[in-house]
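Enquirer: If you scroll down you'll find the structure; I have some questions about it.
We did not get these values from a lab; they are worked out from the coordinates using the rules stated. Remember, it's a predicted structure, so these values are computed and weren't measured experimentally. Methodologically, a virtual Cβ is constructed for each residue, glycine included, from the backbone with ideal geometry; neighbour enumeration extends over all protein chains shown.
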Amino acid sequence: MIQQGSIGTAYISDLSVTNSKIANASINSAKIIDGEITNAKIGNEIYSNNYVWQQSGWYIGKNGEMYINGSGGTGRMTINNNLIQIFDQNGTLRVRMGLW
């Protein structure tokens, strides 16, 4: 057990941590298998790892626009501040609600 310590620079090739309390962290890249987030602030956009424009996955932009695509070309839905649109698998607009 380390009671109080200071490490200037460290390179660790393999590390296992059971519990950790970190006041402030900057992480460039992370792979989290299963996580729980109580609160989050997204600065720009969030999307699924299979998101492809008008094809698959989902996307939420900081401007409030949402794109929800069905799997396997089963249709898609777009939502913005004043309009909801639903398209079928052929890209034909089937439902439009709101102001356009």
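Enquirer: Do you know which residues across the range 21-52 are acidic (Asp, Glu) and either touching a strand residue (DSSP E or B) at 6+ places or on another chain (Cβ under 6 Å) or at positive phi (or both)?
Expert: Within the range 21-52, Glu45 is the sole residue that qualifies.
Enquirer: Any residue in the range 48-70 that is in contact (Cβ under 8 Å) with a residue 12 or more places away in the chain and of a type in the set (D, E, K, R) sitting within a Cβ distance under 8 Å of a residue that is surrounded by fewer than 13 Cβ atoms within 10 Å (Cβ to Cβ) and not in a loop (DSSP other than H, G, I, E, B)? List the pairs, counting only those 6 or more apart or interchain.
Expert: What qualifies is Lys62/Glu45.
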